[in-house]
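**Student:** Take a look at the following structure, please.
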Amino acid sequence: MSELETEIGALLARYVAHWNAWEMDAVRALWDPDEAEPIYVAEESPALVGWEALGRYWQVSEPRRSEHFIALSDLRTREIAPGVAHAFYTLSWNAFIYNNRLYPRPIGGTVRATTLMRRKPEGWRLFHHIEAPLASLIQLKDAHERNVDPALFKMLAEKGLTFGAYWRFASVETFYSNAVSWRMSSKTMSAPASRSLSASAG
């Protein structure tokens with residue numbers, strides 16, 4: 001692991017820990033206060049531009065009755081200019097939003113995230129964050145494959161058709177790279193084994 005990845009990983013672990021503890025003032029403190037126009041594009045909302053918009057987003061939920069947590073994995077980092085770093089990673093999220101009519105039950109999902117940071121005297125600080133969910137078509141396919149009754153697999157096995165374990169893709173790139181390599185025969189269709197998309201927030 002490079003020194004940059006260690007530093008960025010430590011910063012994002014702090015960010016995740018503060019987020020999970022509802023410590024939104026501490027979350028904001030990890031953003032660059034000298035940035036005139038921070039940008040935050042959350043999966044579930046329009047782009048948030050400026051400190052006022054970010055502040056409203058961070059305070060939207062009621063922590064006494066709502067609950068949430070996020071986990072980060074598959075971190076990749078690089079310095080794209082002197083003192084400016086880029087991080088790309090997977091975020092899994094889970095939430096229950098009290099008194100929400102659209103989502104009355106707990107929900108969760110996985111997004112790909114890109115974050116830009118500047119090196120400040122106190123360490124790296126965020127100034128730009130974007131989340132990219134999987135396309136709705138892939139999410140629908142995901143849901144359909146999860147809901148298959150095991151009895152169908154048994155029936156197909158009796159006909160000589162077998163399938164690998166259910167899997168999820170961490171990224172569109174993974175989806176296409178696997179799609180290119182898959183081969184289908186008249187007897188067997190196989191898929192890569194599943195892999196975890198979450199990690200401890202540290």
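The values are calculated or read from the model by the stated rules, or taken from the named source; none is laboratory data. These numbers were taken from a predicted model, which means no experiment stands behind them. Note: ideal-geometry Cβ built from the backbone for every residue, glycine included; neighbour counts use all protein chains shown.
**Student:** Considering only the range 18-65, state which residues are among the β-branched types (Val, Ile, Thr), out of contact with any strand residue (DSSP E or B) (no Cβ under 9 Å at 6 or more places or on another chain) and surrounded by fewer than 16 Cβ atoms within 10 Å (Cβ to Cβ).
**Tutor:** Val60
**Student:** When you go through Phe88, Phe127 one by one, which is the residue that is under 19 Å from Ala29 (Cα atoms) and not aliphatic (A, V, I, L, M)?
**Tutor:** Being under 19 Å from Ala29 (Cα atoms) and not aliphatic (A, V, I, L, M) holds for just one of Phe88, Phe127, which is Phe127.
**Student:** Something else: Exactly one condition in (1) outside the structural domain of His18 (by TED's automatic domain parsing); (2) crowded, with 16+ Cβ neighbours inside 10 Å is not met by Ser92; state its number.
**Tutor:** If we test Ser92 against (1) outside the structural domain of His18 (by TED's automatic domain parsing); (2) crowded, with 16+ Cβ neighbours inside 10 Å, just (1) comes out false.
**Student:** Does Ala21 fit the bill of being free of Cβ contacts under 8 Å to residues at least 24 places away in the same chain, out of contact with any Asp or Glu (no Cβ under 8 Å at 6 or more places or on another chain) and either among the small types (Gly, Ala, Ser) or outside the structural domain of Ala113 (by TED's automatic domain parsing) (or both)?
**Tutor:** yes
**Student:** Between Asp149, Asp142, which is at pLDDT 85 or above and outside the structural domain of Tyr40 (by TED's automatic domain parsing)? Give the steps one after another, and end with the answer.
**Tutor:** On the way: Asp142 fails: at pLDDT 85 or above.
Going through Asp149, Asp142 in turn, just one is at pLDDT 85 or above and outside the structural domain of Tyr40 (by TED's automatic domain parsing): Asp149.
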